[in-house]
Amino acid sequence: MARGKQIYEGKAKILYEGPEPGTLIQFFKDDATAFNAQKKAVLEGKGVLNNRISEFVMLGLERIGIPTHFIKRINMREQLIRHVEIVPLEVVVRNVAAGSICKRLGLKEGDPLPRSVVEFYYKDDKLGDPMISEDHITAWGWASPQEIDDMMAYALRVNDYLSGLFAAAHIRLIDFKLEFGRQYENDMVRLILADEISPDGCRLWDLDTGEVMDKDRFRKDLGDVVEGYREVARRLGVLRNDDEGTGDKSGPKLVRNNGEAPS
Ligand code: TMP
């Protein structure tokens with residue numbers, strides 16, 4: 001599939017013009033950053049795994065009626081997506097205390113929260129993505145009250161779906177980050193899930209041992225980062241069990257391919 005000119009480069013992905021109006025191609029890089037890009041590395045194979053994991057999760061969400069930007073995976077590193085106007089917010093859902101909430105509220109990592117909580121952060125690297133309230137969002141017009149309601153409702157439905165999906169894979173969903181976008185069609189605008197859902201933006205712990213399988217492996221130097229992501233993919237059934245250690249540079253083999261011929 002021909003990709004057009006590059007329109008945006010982020011820390012972990014590049015966006016190109018898509019083959020038709022209203023579409024983009026999202027390319028998954030191997031680059032990893034943490035602490036607002038103060039820590040950087042290239043993690044070979046990460047982009048391929050995130051592409052596959054995000055495809056699998058987005059397709060599952062579509063199936064339960066949550067609209068997403070995902071159209072189809074094109075190859076190992078690229079997917080065709082709907083062009084949206086990104087809402088400049090990071091929507092975080094937390095089930096268990098970890099990361100910034102521990103410092104902010106003096107919680108112990110691993111403590112369950114009284115209930116799932118949704119938080120909003122303003123997407124601005126210069127400011128380090130500060131946490132904000134719903135009142136800030138409407139005062140500055142980053143999203144309307146209706147959009148805030150929709151994002152909260154979608155975020156909690158995504159949380160329920162993902163918690164079950166990962167639990168079935170023997171993984172505990174601690175927290176995760178979502179981004180939303182506005183899709184304009186004729187005179188209509190609708191909010192849909194955008195970006196990616198992958199171990200880059202989730203905390204995922206083994207259900208029994210608590211082993212960290214997400215980007216905290218990179219943030220905290222906990223060991224082979226890509227192996228953690230690969231294990232997530234394997235447990236979700238996105239990779240064949242025998243993909244490990246073969247030295248096969250062609251990359252992971254797809255088992256769930258949603259009816260397409262394997263590439
Ligand atoms: P936090 O505990 O650092 O606030 O992170 C909460 C969740 O959001 C965690 O799953 C990691 C994810 N996240 C991102 O995807 N991007 C970010 O820039 C940050 C700070 C967190």
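The values are calculated or read from the model by the stated rules, or taken from the named source; none is laboratory data. For clarity, every value in this text was computed on a predicted model and none was experimentally measured. Here the Cβ positions follow ideal geometry from the backbone for every residue, glycine too, while neighbour counts run over all protein chains shown.
Values computed for the structure shown
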{"quantity": "Any hit, segment 207-217, residues being farther than 18 Å from residue 101 by Cα, in contact (Cβ under 8 Å) with a residue 60 or more places away in the chain and crowded, with 21+ Cβ neighbours inside 10 Å", "calculated": "no"}
{"quantity": "Segment 152-207, subset at pLDDT below 95 and among the acidic types (Asp, Glu), residue farthest from the ligand (Cβ to nearest atom)", "calculated": "187"}
{"quantity": "Residue in segment 85-101 that is in contact with a helix residue (DSSP H, G or I) (Cβ under 9 Å, 6 or more places away or on another chain) and more than 13 Å from the ligand (Cβ to nearest atom) present", "calculated": "yes"}
{"quantity": "Residues (among the polar types (S, T, N, Q) and either part of a strand (DSSP E or B) or touching a helix residue (DSSP H, G or I) at 6+ places or on another chain (Cβ under 6 Å) (or both)) located in segment 185-207", "calculated": "198"}
{"quantity": "Subset of segment 133-151 (residues that are touching a residue at least 40 places away in the same chain (Cβ under 8 Å) and not in a loop (DSSP other than H, G, I, E, B))", "calculated": "137, 147, 150, 151"}
{"quantity": "Single residue of 30, 125 found to be under 23 Å from residue 10 (Cα atoms), of a type in the set (Asp, Glu) and within 12 Å of the ligand (Cβ to nearest atom)", "calculated": "125"}
{"quantity": "Residues within segment 68-99 that are within 16 Å of residue 216 (Cβ to Cβ) and either touching a residue at least 24 places away in the same chain (Cβ under 8 Å) or assigned to a strand (DSSP E or B) (or both), tallied", "calculated": "6"}
